[in-house]
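Read through the structure below, which is laid out as structure tokens, and then see the notes.
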Amino acid sequence: MAKTPMVLSGLALVALVTGGTAWAGTAQDSSQGAPTPSPAMTGKGPHVGHHELVRFASAIRAIQPVDEQAHKVLMNPHLAASQKRADLAHYDHKITTTLHHYHLSPVTYETLLHKAQVDPSFAKRTERILKKG
């Protein structure tokens, strides 16, 4: 599943440059306003249902162009740091909005990305959904 790691790395870069707004959720607990991942989702965990998998794959597809734009901003040596932060904050907002559209929190999305990296069966299921387009 080639797209997933690129999206994950892009989101991590966006979080790093923007000060970790929405994507800092994995380090926060519920008392800070971000949901915590369930223990079932932290490793291979139990089976992810078809509807959640489709929402996850749809979010990956929708986020991919935003991630590519964020990479371009990060790699542009001609942009001032303040402009990069502003642009990346905009992309962060677009990603968060996209996730909400697909009924996923940033924490759930990152957890599913991690699951796709550590669970070959889940990765294959995700890849099949992504290929169906």
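The values are calculated or read from the model by the stated rules, or taken from the named source; none is laboratory data. Remember, it's a predicted structure, so these values are computed and weren't measured experimentally. For neighbour counting, all protein chains shown are included, and Cβ atoms are generated from backbone atoms with ideal geometry for every residue, glycine included.
Points worth noting:
- Residue in segment 113-120 that is within 23 Å of R55 (Cα to Cα), in contact with a Phe, Trp or Tyr (Cβ under 8 Å, 6 or more places away or on another chain) and in contact (Cβ under 8 Å) with a residue 40 or more places away in the chain present: yes
- Residues that are of a type outside the set (A, V, I, L, M, F, W, C) and in contact (Cβ under 8 Å) with a residue 60 or more places away in the chain were ranked within segment 53-90; the one that is surrounded by the most Cβ atoms within 10 Å (Cβ to Cβ) is D67.
- Looking across segment 96-129 at every residue that is assigned to a helix (DSSP H, G or I) and among the hydroxyl-bearing types (S, T, Y), the one that is surrounded by the fewest Cβ atoms within 10 Å (Cβ to Cβ) is identified as S121.
- Segment 38-63, residues that are of a type in the set (S, T, N, Q) and at pLDDT 95 or above: S58
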